[in-house]
Every structure is written in C-alpha cells, then in structure tokens.
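Here, each number is a calculation from the coordinates, and none is a lab measurement. Because the structure is predicted, anything quoted here is derived from the model rather than measured. Please note: Cβ atoms are built from the backbone with ideal geometry, for glycine as well, and neighbour counts cover all protein chains shown.
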Amino acid sequence: MQHMPLYAKLIELPMFQGMSTDDLVAVLGQTRFDFAQKKAEETIAKAGNECTHLCFLLNGKMQVASQADDNSYTFIEEIDAPYILQPENLFGISPRYTRTFIAQSTCSLLLLSKSEVLRLTDDFIIFKFNLLNTISTQAQKAA
C-alpha cells in the first residue's frame, strides 16, 4: 500500500474510524487531501475567518483561545493531536471559526474542502455517521 503513512493517520482520526480497509483505500485513491504545516506561534485559524475546510491536527500541539461575548476575558486551552478544528462550523448559517487556533509546536494539518466532505458523506455512510456524531456532540456540549 503506497499511502501507508497517510493510511495510518486516517485510522487515528474520528471521521474515519470504523471504516473498512477497502473503504480507506478508496478514500485515499479518490480524495484530494491538502496539507499544511505551521511553525510554533503561527496562527492556524483565526476567530471570525471563514471555515472552508475540515481541518485535522495530525501532529503537534496548539493553543485554542475562546473570547467571551463581551470581550471581558479569554479562555485558553492546550490541545494535542489528533484533533478536528470546529467541524460544527463548516456548515450552517455562519460558517466561521469562533475560536483562534495557534500552533505551540510545529503542527501538521490535513485539510478537506467542503466539497470533498460532502462527497465523502455521500460515498461512505460511516463517514457521514462519524461527522453527524461529532457535530451532535458539539451541539450537546454547547447546550
């Protein structure tokens, strides 16, 4: 299997868990993955910017800053890989990040465009269930 390092990373990510080996091979062969690398202290995504991709933190550590509605305080947390940056904000009335993500160490990112995410949800029921489960969990935590 020529994509072994990416295959190993995909099976660690919640969106791809439960998929068969054949499905993962098909995903690797049919899906356009974009990759990015951010150095320490570089911004990965800024609050207010449009969320156009499903962004996975594959390696590294980042800081997530959440601003209070009245800007009176900022809540900062540290997140290790693997992690998905606000998948609930990819769709909906306001597809924008509500938090700022800053690399604390060198971070490797995998990016899936919205159109690729939609195609994967059409082609792979497990991917669709994993995405719905992730978004539902975020909505329940927010409530």
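Below 14 angstrom from the Cβ of SER115, what's the summed charge of the other residues (Lys, Arg +1; Asp, Glu -1)? Surrounding charge for SER115 is -1. Separation of segment 87-108 from segment 7-25 is 22 Å, based on Cα centroids.
The local environment of PHE124, defined by Cβ-Cβ distances under 14 Å, has a net charge of -3 under the rule Lys, Arg +1 and Asp, Glu -1. To the nearest ten degrees, helix 114-123 and the longest principal axis of the Cα atoms of the chain are 40 degrees apart.
Each peptide in 69-75, 17-23 was scored by the mean count of other Cβ atoms within 10 Å over its residues; highest first, the order is 17-23, 69-75. The angle between the Cα long axis of helix 125-142 and the longest principal axis of the Cα atoms of the chain comes to about 20 degrees, rounded to the nearest 10. Within a straight-line Cα-Cα reach of under 23 Å, LYS38 can be paired with the following lysines, leaving aside sequence neighbours fewer than 8 residues apart in one chain: LYS9, LYS46, LYS61, LYS114. Within the listed set ASN49, ASN59, ASN89, the Gaussian network model of the chain (springs between alpha-carbon atoms below 10 Å) gives the highest mean-square fluctuation for ASN49. About the centre of its Cα atoms, segment 4-142 shows a dipole size close to 140 debye [charges on the beta carbon of Lys, Arg (+1) and Asp, Glu (-1) only; nearest 20 debye]. For the chain, the relative contact order works out to 33 percent when only alpha carbon pairs closer than 8 Å and six or more residues apart are counted. Kindly identify segment 77-120 as rounded, prolate or oblate by the Cα gyration tensor criterion: order the square roots of the eigenvalues as a ≥ b ≥ c, call it rounded if a/c is under 1.5, otherwise compare a/b with b/c, prolate if a/b is larger, else oblate. Here segment 77-120 falls in the oblate category.
May I ask for the net charge around GLN30, where only other residues with Cβ less than 9 Å from the Cβ of GLN30 are counted and Lys, Arg are +1 while Asp, Glu are -1? With Lys, Arg at +1 and Asp, Glu at -1, the neighbours total +1.
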